[in-house]
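Working notes, beginning with the structure itself.
What follows is calculated from the coordinates using simple rules that are stated; it is not laboratory data. Note that the structure is predicted; figures quoted are calculated from it, not measured. Cβ placement follows ideal geometry from the backbone for every residue including glycine, while neighbour counts extend to all protein chains displayed.
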Amino acid sequence: MLREILQGNAEKGTITQIYGPPGVGKTNICIINSINAINFGKVIYIDTEGGLSIERIKQIAPNYYQKVLENMIIYDVFDFYEQDKVIQKELPLIANNASLIVVDNITSLYRLELSDEANKNIMLNKMLGNQVKTLLKLAKTNNLAVLITNQVRETVNGFEASGGTLLEYWSKCIVRLEKLNGDRLAILEKHRHAGEEKLRFKIVERGIEILD
């Protein structure tokens with residue numbers, strides 16, 4: 001299952017969460033999945049950090065990048081409330097023609113809104129939870145894949161995914177990415193039908209090269 005995700009075949013009908021520190025390859029995996037998914041339907045890509053690079057798409061798919069771009073619906077969102085509007089109001093209107101929804105990154109704008117105000121944070125947590133529930137409903141109803149990336153927060157033993165148990169609960173597949181001696185390590189932490197898996201890979205011009 002881990003190899004399939006890295007090679008662009010995220011599972012349909014559920015949410016796959018990929019988390020890890022900056023520069024570890026999360027967006028590259030999203031792009032690879034997007035390039036593959038246009039063979040089966042439209043790709044809806046919500047970019048919250050400006051990380052989606054047209055040049056990177058050209059590098060990975062030099063012979064048919066125009067077809068990829070023609071079949072991608074890209075939302076550049078700049079605050080958490082805009083993200084909420086896109087997911088709750090706009091995606092349900094267009095998801096029936098899609099094979100993949102990407103939210104890269106689902107927690108970055110959410111974290112910017114967090115404050116010392118308890119009531120506001122409760123509202124933000126509820127909004128985030130409702131967004132993920134909507135994404136899962138769209139995945140199941142339309143038999144499409146949902147791929148979300150997530151930031152990390154430091155812990156005593158390293159790092160963990162942001163969003164706490166909320167995102168962990170609704171994501172039926174979770175992949176952790178780490179940097180490893182110049183390469184990358186992907187760890188399948190959670191899946192309905194598979195145990196833990198690990199794969200080493202590196203980021204190359206044409207995408208990702210699996211080393212194991």
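Summing Lys and Arg as +1 and Asp and Glu as -1 over all other residues whose Cβ lies under 15 Å from the Cβ of I38 gives a net charge of +3.
Near I122: Cβ cut-off under 13 Å, other residues only, Lys/Arg at +1 and Asp/Glu at -1. The net charge is -1.
Here's how it looks for K190: its modeled amide H is under 5 Å from those of I174, which are all 5 or more places away or on a different chain. Modelled spin-label separation between N143 and E178, with each label point placed 7 Å from Cα along the Cα-to-Cβ direction: 3.8 nm. The value of relative contact order for the chain, using C-alpha pairs under 8 Å at least six residues apart, is 30 percent. For the range 5-16, 3J(HN,Hα) computed residue by residue from phi via the Karplus equation (6.51, -1.76, 1.60; θ = phi - 60°) reads 5, 5, 8, x, 10, 4, 5, 7, x, 7, 10, 9 Hz, glycine and proline entered as x.
Averaged over residues, the count of other Cβ atoms within 10 Å places the peptides 122-129, 96-103, 80-87 in the sequence 96-103, 80-87, 122-129, highest first. Please work out the C-alpha center-to-center distance from the range 59-87 to the range 18-37 and express it in whole Å. Here the answer is 13 Å between Cα centres. Label-to-label distance, K89 versus D76, with points set 7 angstrom from Cα along the beta-carbon direction: 2.1 nm. Residues whose amide H falls under 5 Å from that of I46, counting only those 5 or more places apart or on a different chain, are Y75, V102, V103, D104, with hydrogens built in the peptide plane.
Over all other residues within a Cβ to Cβ distance under 13 Å of N181, the charged ones net out to +2, with Lys and Arg as +1 and Asp and Glu as -1.
When the pairs K137/K190; K42/K85; K67/K179; K89/K202 are compared against a 30 Å limit on Cα-Cα distance, K67/K179; K89/K202 fall above it. With both labels modelled 7 Å from their Cα along Cα-to-Cβ, the I203 to K190 distance reads 2.5 nm.
A Förster distance of 35 Å, applied to the separation of the beta-carbon atoms of L211 and K67, puts the FRET efficiency at 0.75.
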